[in-house]
Amino acid sequence: MNSITLTLKNWPARQPLAFLLLALVAWLALYQTLMPASEALVAALPVDRSSHLGGALQFFLYDTPKVLLLLTGVVFVMGMINSYFTPERTRALLAGRSEGVANVMAASLGIVTPFCSCSAVPLFIGFVQAGVPLGVTFSFLISAPMVNEVALTLLFGLFGWKVALLYLGLGLSVAIVAGWIIGRLKMEAYLEDWVRDMPRTSAAFEATGLTLADRLQGGFNAVREIVGKVWPYILGGIALGALIHGYVPEDFMASFMGRDAWWSVPLAVIIGVPMYTNAAGVIPIVQALLAKGAALGTVLAFMMSVIALSLPEMIILRKVLKIRLIATFVGVVASGILLVGYVFNAVL
């Protein structure tokens, strides 16, 4: 029995390509069962499907496995891809580039690199030591948590490619322009003294000859680390989304998050900033808000503020930035998010 268990455990490493193909087939088959399974579960409960509670339960029972399945799949794939984008390689790609071009590169790299607000301080220090310009560093730090593979995949799975592509374009634009503006303001003097005085290091990196089995293990590690951390936020977000979906009247939500209320976008940003969650936790809430009549621009502004301007991230960044630079960062990014909200409420 032990030898069989050991063989099964080692099979992905010995035949990684066969494992990937079988895992893909199993993932697709499981994904197709989610809707009928959720309806069957609600039907088996002593609850009227057309009631508020029935609608909320169906939302929760369908979205929970769907979001977790999407998240596990994309984190696994990106864990393999991210083995190409170590912090050393990312710094080397950005060091020595001219501003403008480097801002675009930094924001684009933020999509495919496995860094979140928790990594802000060590990444910031590493970029400064490698000579990456301050504005370019901010383009990366804005893009990495806001326009990441988790957000894009969940948006695609829940809303379709148009909304996912729209969010990609908006997020990159905010990251690029905000980083460029901060770079033009020449605020290096507002780094903490110990950060500014650090000795410069080389931005070179050494290529590693990883095999497919090694990258497969990177995927497993990413699932264990990321999904293991964010699942409570997912459950909380879906539970809140289910309550909104089942109990909040459409007219009420449209009255203060609709496109006709001029104050809805700044209110959404103000509400979003103190919250601490991530894309996986906030997207189910976004789904429920849109279904209840909230305007797309307002909801996108709320989502961006939650992910890109969370209060915990500001507290973390205070270790390396002085108050004036943090305030400038928040002001520039918030202005970009407000513009996004108003423009899309006007044109959509």
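What follows draws every value from the coordinates through simple rules; no lab data is involved. Since we're looking at a predicted model, the values are computed, not measured. Here Cβ is always computed from backbone atoms with ideal geometry, including for glycine, and neighbour counts include all displayed protein chains.
Taking Cβ atoms as reference points and 15 Å as the exclusive limit, the residues near residue 34 contribute a net charge of -1, counting Lys and Arg as +1 and Asp and Glu as -1. The Cβ shell under 13 Å around residue 345 holds other residues with a net charge of 0, Lys and Arg each +1, Asp and Glu each -1.
Once the Cβ-Cβ distance between residue 220 and residue 186 is put in as r, and R0 is 56 Å, what FRET efficiency do you end up with, to the nearest 0.05?
After rounding to 0.05, the efficiency reads 0.80.
Using the average count of surrounding beta-carbon atoms within 10 Å as a protection proxy, the listed peptides 56-67, 127-138, 184-195, 336-347 rank, highest first, as 127-138, 56-67, 336-347, 184-195.
For region 135-193, the relative contact order is 51 percent, taking Cα pairs closer than 8 Å that sit 6 or more residues apart in sequence and dividing their mean separation by the residue count.
Exceeding 29 Å between C-alpha atoms, which entries from my cross-link table qualify? They are 292/319; 162/292; 292/322; 186/319; 229/319; 66/162. Exceeds cut-off: 292/319; 292/322.
In this structure, residue 271 and residue 173 have a Cβ-Cβ separation that, at R0 = 30 Å, corresponds to a calculated FRET efficiency of about 0.85.
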